1. Suppose we keep only residues that are in contact with a strand residue (DSSP E or B) (Cβ under 7 Å, 6 or more places away or on another chain) and either assigned to a loop (DSSP other than H, G, I, E, B) or open to solvent by 20 Å² or more (accessible area, probe 1.4 Å) (or both) within region 359-378. Which one would you say is farthest from Phe266 (Cα to Cα)?
2. So which residues in region 51-67 are open to solvent by 40 Å² or more (accessible area, probe 1.4 Å), part of a loop (DSSP other than H, G, I, E, B) and in contact with a strand residue (DSSP E or B) (Cβ under 9 Å, 6 or more places away or on another chain)?
3. Of the residues Phe267, Phe259, Phe311, which single one is over 18 Å from the mean Cα position of the chain (by Cα) and open to solvent by less than 20 Å² (accessible area, probe 1.4 Å)?
4. Looking only at residues in region 317-346 that are in a helix (DSSP H, G or I) and of a type in the set (Gly, Ala, Ser), which one is surrounded by the most Cβ atoms within 10 Å (Cβ to Cβ)?
5. Exactly one condition in (1) out of contact with any helix residue (DSSP H, G or I) (no Cβ under 9 Å at 6 or more places or on another chain); (2) part of a helix (DSSP H, G or I) is not met by Lys356; state its number.
6. Output the residue which, of all residues in region 146-157 that are open to solvent by 50 Å² or more (accessible area, probe 1.4 Å) and in a helix (DSSP H, G or I), is nearest to Thr191 (Cα to Cα).
7. I'm trying to understand the selection: among the residues of region 181-191, which are open to solvent by 30 Å² or more (accessible area, probe 1.4 Å) and either more than 10 Å from His140 (Cα to Cα) or at pLDDT below 85 (or both)?
8. Can you tell me which residue is farthest from the chain's Cα centre (by Cα) among those in region 36-60 that are closer than 16 Å to Arg91 by Cα and among the basic types (Lys, Arg)?
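The values are calculated or read from the model by the stated rules, or taken from the named source; none is laboratory data. Source: prediction; values computed, not measured. Positions of Cβ are backbone-derived with ideal geometry, glycine not excepted, and every protein chain shown enters the neighbour counts. Ligands, DNA and RNA are excluded from the accessible area calculation, which covers all protein heavy atoms including side chains. Shrake-Rupley method; radii C 1.70, N 1.55, O 1.52, S 1.80 Å.
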Amino acid sequence: MSKDNFARHLTLDERRIILTGIKNEASKSDIARMLGKDASTIGKEIKAHRVLAYRCTLPLECRNYRHCPYGCRCRKDCSQYEPFRCTRRDRSPGACNGCSDYSRCHFNKYTYNPEHAQQEYQKSLVDSRTGVNLTYEEAHSLAQILKPLLDKGQSLYQILASHPEIRQSEKTLYNYIEGGIFANMNDVSITCMDLRRQVGRKPSKRRQAQYKKRNDYRYLKGRTYKDYQTYIEDSGITDIVQMDTVYNDGSNGPFIQTFKFVKYHFFFAVYQEKRTAEAMTAGVDLLEKILGRELFRKLVPVILTDRGSEFTDPDRIEQDNDGSIRCRVFYCDPMMAGQKGTLENNHHELRDIFPKGTDLKALGLVSQEALNIAVSHIDSMPKEILEGRTPFEYAEFLNPAMVKKFCQAGISAIDKDKVILKPYLLKK
């Protein structure tokens, strides 16, 4: 391969050669020499585009799981815990295609697909040339740091030197300022006139600022709806919890994080002031606190949710404080709310109490205690699918320990004749 190929982007044919090398157990260096690339390029390519084809069902990848005296309730502080290491998967070449132990391996398995990698590459190439890689809030926060220091006569280089938390380069910041990205922010407006010295180069073409945070879909690897179906079929798990968020005002809230215990037809919700990944993780933490560690792991082994921005940090949801895996998170396909339809049905009931377009706080939704009242009424409504029984009665019959935990957290059974699904519920 010509040295001229060293700095060129990988093509689909070259990616197919990478796959062949992986199957033949070639090292990253061997593949790189074949393609005239650097070994780090091959390593980054495989790591960036490999897909989690099978997810380990153990809480942790422990080498001693076959002879575990504790029933595989893995924790990092366990005396028997020994991390599983696979040279082929974790070092070189970095994927499991062609591995002779593939069918017998019970740990995480990653595969590399050249066509999928090419599609991801082309998508990222287009996305990287569209808009500004910032949300408006991120741009405003950045301007709040830059403005007072520019007013003191500091250069962008000096500001970056003293503020390592700024991830943008000096050139990028110049482009943002010259492009008017910060020009229309009332309290921290920044223009070229704020620069100590205008740089002597041709400025970029000025366009109206488009704040477009580029999507990072890496969190979906091994967590798509197809992966969910495969995992459920392979593991035989029947306890599924569906999760989503309901709200009216996307900027101020409040937000309702909803959970549906599908097996028990039981509905629960968490009151949130913010719709962020941190808040949703805290909601799952609260659910674990209510149920207790052991019961949570039994009842919530799998969470199925949608692809909302508040759910894009599955690692934090899946991991417990000690680093062990407490549950698995999977995502529905885009625009396919029916894949978690049983939870959507509860949302219709929730909307009877909290209609769209209304001020939820004005209706009385101001705390978790208020939300517990609404949840209690929803779970106390007879269901045709339960032959006239309520979700509360059905869940209590199948799993009284679970219902007892929720009762201690503020959920209670309501007399069927006193169930209210109207906006005045919290005002009565």
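1. Applying the filter and picking the extreme gives Ser367.
2. Thr57, Glu61, Arg63
3. Values: Phe259 fails: over 18 Å from the mean Cα position of the chain (by Cα); Phe311 fails: over 18 Å from the mean Cα position of the chain (by Cα).
Only one candidate passes the filter, namely Phe267.
4. Of region 317-346, the ones in a helix (DSSP H, G or I) are 317-318, 337-346.
Filter again for of a type in the set (Gly, Ala, Ser), leaving 337-338, 341.
On the way: Ala337: 13, Gly338: 10, Gly341: 11.
Here the residue is Ala337.
5. Failing condition for Lys356: (2).
6. Once the filter is applied, the top-ranked residue is Asp151.
7. Scanning region 181-191 gives Ala183, Asn184, Asn186, Asp187, Thr191.
8. Lys44
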